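A short reminder: the numbers here are calculations on the coordinates, not readings from a lab. Predicted model, so just to flag it, every value in this text is computed and none were measured. Cβ sites come from the backbone with ideal geometry, for glycine too, and all protein chains shown count toward neighbours.
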Amino acid sequence: MKKLVVLGAGESGVGAALLGKAKGYQVFVSDNQKIKEKYKQVLIHNEIEWEDEKHSEDKILNANIVMKSPGIPNKVPLVKQIHEKGITVVSEIEFASKFTKACIVGITGSNGKTTTATLTHHILKQELNVGLAGNIGDSFAKQILEDDFENYVLEISSFQLDDIVDFKPKIAVITNITPDHLDRYDYQFENYIASKFRIAMNQTKDDYLIYDADDEVITNHLKNNPAQSKLLPFSLTKTIENGAYLDKEEIIITIDNNQIIMPTTNLALEGKHNIKNAMAASTVAHLLKIRKQTIRESLENFQGVEHRLEHVLKINKVQYINDSKATNVNATYYALESMDAPTVWIVGGVDKGNNYEELFQFVNEKVKAIICLGVDNEKLINTFGGMVDIIIETQFMSEAVKIAYKVAEAGDSVLLSPACASFDLFENYEDRGRQFKNAVRNL
């Protein structure tokens, strides 16, 4: 009996454990932290052996295969030991994909991947049997076990791609690549870029790669490392023969001489970056033969993603906006770009080696006050102190929102767009966003 060891008992780990057991593996789940009660109950109920708050090396180093949580870096001594013993280490995406014949759409990128994956799923589900998994929702492995959809849209992070071997999506999407998570890639942007491109590493000429042709990082990488797959670029500025581009107010998508035209005037999501997300999602839908009318209606009624430029409330003519999902500078760039009112900006958290320079023009033009919400705000204060009249520090969300309420005047916006990870003061970006929304509702 083959032995599967699962490191990390979160959504993906527990899903992989359930699938592994169903497929005849002897499964052992090990988590360095305390396992959440709901996951613990699932493991107990399914009679899967587990441990938490430790890793027993004797039980782990005799595995045939190790599935590790994307949150565990390869640099960890235990993971190094596993590699040294020649044991295969995979991500949940790799492990689960072996047990499905489904058509897989894999979506990665530094920003926009959640919106693009959710939007793609929203369009496809109108006409196809399709699941949404990966970095989002129920685990991929669990869905294969319980639902076995004919198609999957997977949002995939670079950490998940680092541990693939044979995984190959029929359609791969790279939304963009900007410096992020460099702390996990030896502060080498090249390593991070290569990691994202692993999504297309096993693709052949029968597969498709959809990508942003306006992103120089992507186009340069493709020049030097040609992909095997059929390329379908999208662009806001260039005319594209095979792929998607913007002509005045219309998205034009051409695949093998089959063209569809979508108006952008009624898109549910605002902002240039969302036209790109719509292009990527529509190109996937067009490839999978979804009717044009269905694509158009889906783009117009899509509600967006929680914690991504989410309009919370208007109080005394001030709009409060939750963009807690902006965990890097580029995401905040899009948020500030889309602001059309004087803005009180709440920013800060765990800095991953951020370079704030690209935000300067927007901060000078649009931001009237900055509220720094982090354990260490020194870099923010040094960077932006000279650009705004008001810059204030706090370590409590409720206080940050109260300060914003005092500073903002009728017609202003209050924007939570942290440009940083959330782990210094919050459990995760969702927790940060929910605390913001609760604080706004309590004003």
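Could you pull out every one of the aspartates and glutamates with an alpha carbon less than 19 Å from that of residue 406, ignoring same-chain neighbours closer than 8 positions?
The reachable aspartates and glutamates, counting only those whose Cα sits under 19 Å from residue 406, are 389, 393.
Net charge around residue 330, counting only other residues with Cβ within less than 15 Å of its Cβ (Lys, Arg = +1; Asp, Glu = -1)?
-3
Once a ≥ b ≥ c are taken as the square roots of the eigenvalues of the Cα gyration tensor of segment 289-378, is the result rounded (a/c under 1.5), prolate (a/b larger than b/c) or oblate (a/b not larger than b/c)?
In terms of gyration-tensor shape, prolate.
Springs between alpha-carbon pairs under 10 angstrom, Gaussian network model over the chain: which of 409, 393, 357 fluctuates most?
357
In segment 9-101, which GluC sites (Glu not before Pro) fall in coil by DSSP and have 10 or fewer other Cβ atoms within 10 Å?
Listed in order of number, the matching sites are 47, 53.
Show me the trypsin sites (Lys or Arg not before Pro) within segment 167-233 that DSSP assigns to loop and that have at most 10 other Cβ atoms within 10 Å of their Cβ.
When the trypsin sites (Lys or Arg not before Pro) of segment 167-233 are filtered for loop state and at most 10 Cβ neighbours within 10 Å, 205 remain.
With each label point set 7 Å from Cα along the Cα-Cβ vector, what nm distance links residue 340 and residue 402?
3.4 nm
Based on DSSP H runs of at least 4 residues, each adding -39500 (n - 2.57), what is the mean residue ellipticity at 222 nm of the chain after dividing by all its residues, to the nearest 500 deg cm²/dmol?
The helix-only estimate for the chain comes to -10000 deg cm²/dmol at 222 nm.
Provide the FRET efficiency to the nearest 0.05 for the residue 206-residue 313 pair, computing r from the beta carbons and using R0 = 45 Å.
0.35
For residue 84 and residue 395, what does the FRET efficiency come to when R0 = 45 Å and r is the distance between their Cβ atoms, rounded to the nearest 0.05?
Taking R0 as 45 Å, the efficiency between residue 84 and residue 395 is 0.60.
Relative contact order for the chain using alpha-carbon pairs under 8 Å, separation at least 6, rounded to a whole percent?
RCO, the chain: 11 percent.
If the viscosity is 0.692 mPa s and the temperature 37 °C, what translational diffusion coefficient in µm²/s does Stokes-Einstein give for segment 315-443 when Rh comes from Kirkwood over Cα pairs?
233 µm²/s
When N is the residue count of segment 61-109, what does its C-alpha Rg come to as a fraction of 2.2 N^0.38 Å?
Dividing the Cα radius of gyration by 2.2 N^0.38 Å gives 1.34.
Assuming a ≥ b ≥ c are the square roots of the Cα gyration tensor eigenvalues, decide whether the chain counts as rounded (a/c under 1.5), prolate (otherwise, with a/b larger than b/c) or oblate.
Oblate, since a/c reaches 1.5 and b/c is not below a/b.
Would you please state the base-10 log of I(q)/I(0) at q = 0.09, 0.12, 0.21 1/Å for segment 1-141, with intensities from the Debye formula using one equal scatterer on every alpha carbon?
So the normalised log intensities work out to -0.29, -0.51, -1.28.
Once you have the alpha carbon radius of gyration of segment 330-390, what is it after dividing by 2.2 N^0.38 Å, with N set to its residue count?
Taking the Cα Rg and dividing by 2.2 N^0.38 Å, one obtains 1.03.
Apply the Debye scattering formula to segment 204-343, with a single equal point scatterer on each alpha-carbon and no solvent, then give log10 I(q)/I(0) at q = 0.21 Å⁻¹.
Values, matching the q order: -1.33.
What is the distance in Å between the Cα centroid of segment 58-91 and that of segment 254-327?
After rounding, the separation between the Cα centres reads 39 Å.
Between residue 33 and residue 127, what is the label-to-label distance in nm when each label sits 7 Å out along the Cα-to-Cβ direction?
About 4.1 nm separates the two model spin labels.
Among 4, 440, 341, which residue has its Cα furthest toward the positive end of the charge dipole of the chain, with +1 on Lys/Arg Cβ and -1 on Asp/Glu Cβ?
Of the candidates, 4 comes out farthest on the positive side.
Residue-wise, which Karplus ³J(HN,Hα) couplings in Hz belong to segment 213-228, taking 6.51 cos²θ - 1.76 cosθ + 1.60, θ = phi - 60°, and x for glycine or proline?
Ordered by residue, 3J(HN,Hα) equals 6, 8, 9, 5, 4, 5, 5, 5, 4, 5, 4, 8, 9, x, 8, 7 Hz.
Most mobile of 280, 400, 331 per a Gaussian network model of the chain (Cα springs, under 10 Å)?
Among 280, 400, 331, the largest mean-square fluctuation in the Gaussian network model of the chain belongs to 400.
Students often get this wrong, so check it: of 80/276; 314/366; 54/437; 59/113; 2/125; 317/379, which have C-alpha atoms separated by over 28 Å?
80/276; 54/437; 59/113; 2/125; 317/379
Kindly identify segment 199-261 as rounded, prolate or oblate by the Cα gyration tensor criterion: order the square roots of the eigenvalues as a ≥ b ≥ c, call it rounded if a/c is under 1.5, otherwise compare a/b with b/c, prolate if a/b is larger, else oblate.
Because a/c hits 1.5 or more and a/b fails to exceed b/c, segment 199-261 counts as oblate.
How large is the Kirkwood hydrodynamic radius of segment 389-443, in angstrom, based on all distinct alpha carbon pairs?
12.0 Å
Rg(Cα) of segment 84-172 divided by 2.2 N^0.38 Å?
For segment 84-172, the normalised Cα radius of gyration is 1.06.
For segment 171-263, which chymotrypsin sites (Phe, Trp or Tyr not before Pro) pass both filters: DSSP loop (anything but H, G, I, E, B) and at most 15 other C-beta atoms within 10 Å?
187
If r is the Cβ-Cβ distance from residue 223 to residue 26 and R0 is 56 Å, what FRET efficiency results, to the nearest 0.05?
After rounding, the FRET efficiency stands at 0.75.
Using a simple spin-label model with points 7 Å from Cα along the Cα→Cβ vector, what separation in nm is obtained for residue 76 and residue 424?
Reported label-point gap for residue 76 and residue 424 is 2.4 nm.
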